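Since every read-out is calculated from the coordinates, none of them should be taken as a lab result. Every value quoted in this text rests on a predicted model; they were computed, and no experiment measured them. Please note: Cβ atoms are built from the backbone with ideal geometry, for glycine as well, and neighbour counts cover all protein chains shown.
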Amino acid sequence: MELEHREWEMEKLEIRGEGDGQKVRGQGVPYERLSEDMGGWREVIRTGAATESLKNNDIAMLWAHDSAQPVSRVGATRHALELEERKSGVWFEQSTEAFTEFQLSKIDDGVVEKMSFGFFIEDFDKDQRWTEGGGKKVALREILKMNLREISPVVFPAYPSTKVALRSAIASGVFLPGDEYAEEMRRLQEASGVDDDVGMLLQARIEHERDVDRLRMSALAHLAQER
């Protein structure tokens, strides 16, 4: 499954302790905090959404979401990632010994001070709840259960992976404003009364058309620069 990445304003990373006992501490996932407008909808992760993941997953800490730069993981034999679920969300502690000298210096200098997390939704019907907006209101996506896979120290927020969220909205019967392809898909489905299998084919076609449009716009922009 495709991971979604999120980063909201959370408490700044900090280094505590002395000598070999130093640890980087911070909040990895926030609960009950409403996101900014993400392009027609807002999002909130409900309390306890990561509970099962914390029990069953070998969650990793990566550097800037790069699997080629692992820092540690929960099941590591040395300097394991420590995670704790609180009412406000998922918090972490990580021994400074797990970071490279370069990585630690960037955290210490305040260059890298944000946290981002990667997750996916296993069941669009049970693990999330969409409420369609109306008028000036945007839609709301409530994440009830997530499969948390990794957390990452980052410099800048990871741009929200909206494609998965858009797909889940469509699967839930919520069509977000401003997405002409989603509107086309709804019109076709309503007109023909298609079943789920045909709906998936329509969705695939519309996503293909969206990708073609993006490539066309990119090519035109490139040609304009050459001129």
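Going 7 Å from the Cα of residue 84 along its beta-carbon direction, which residues of segment 48-74 have the amide nitrogen within less than 17 Å of the resulting point?
48, 51, 54-55, 74
Give me a comma-separated list of calculated 3J(HN,Hα) values for segment 118-131, in order, Karplus coefficients 6.51, -1.76, 1.60 applied at θ = phi - 60°, integers in Hz, x for any Gly or Pro.
x, 8, 9, 9, 7, 10, 4, 7, 9, 8, 8, 9, 9, 10
Please work out the FRET efficiency for the pair residue 16 and residue 129, using the Cβ-Cβ distance as r and a Förster radius of 35 Å; give the result to the nearest 0.05.
FRET efficiency, residue 16 to residue 129: 0.40.
Taking neighbour counts of Cβ atoms within 10 Å as a proxy for exposure, in what order, fewest first, do 145, 126 appear?
Least to most surrounded, the residues fall as 126, 145.
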